[in-house]
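Every number in this text was worked out from the coordinates using simple rules, so none of it is lab data. Bear in mind that the values here come from a model prediction, so they are computed numbers and not experimental data.
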Amino acid sequence: MQIVQDVWPQLLPIVFVPHDDAQYQQLVKVLDQLIDQVGENEDHPVATLMELIGVLI
């Protein structure tokens, strides 16, 4: 849990529940960037993050 607390401030700008259209659009941009980087490579180190952002959207 300590590791999560240490890195959470760095992740907060890209991992959050959107509460308005601006936040929703921000997550869409993050997802687009992840799709460009990950593509269909399920073994990519941030593939799970891409899936999580998709769920949040």
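Using 0.36 nm per residue and subtracting the Cα-Cα separation, the extra length available between residue 47 and residue 17 on full extension is 8.9 nm.
Per-residue Karplus couplings for the stretch 41-56, computed as 6.51 cos²θ - 1.76 cosθ + 1.60 with θ equal to phi - 60°, are listed in order as 7, 5, 8, 4, x, 10, 4, 5, 4, 4, 5, 5, 4, x, 5, 5 Hz, Gly and Pro entered as x. For the stretch 14-29, 3J(HN,Hα) computed residue by residue from phi via the Karplus equation (6.51, -1.76, 1.60; θ = phi - 60°) reads 10, 10, 7, 8, x, 10, 8, 4, 5, 5, 4, 5, 5, 5, 4, 5 Hz, glycine and proline entered as x.
Measuring nothing but how far apart in sequence close Cα pairs (under 8 Å, 6+ apart) lie, relative to its length, the stretch 2-56 scores a relative contact order of 34 percent.
So for the chain, considering every pair of alpha-carbon atoms, how many percent are separated by more than 16 Å?
In whole percent, the share of Cα-Cα pairs in the chain beyond 16 Å is 46.
With 0.36 nm allotted per residue and the present C-alpha distance subtracted, the residue 25-residue 1 stretch has 5.7 nm of extension available.
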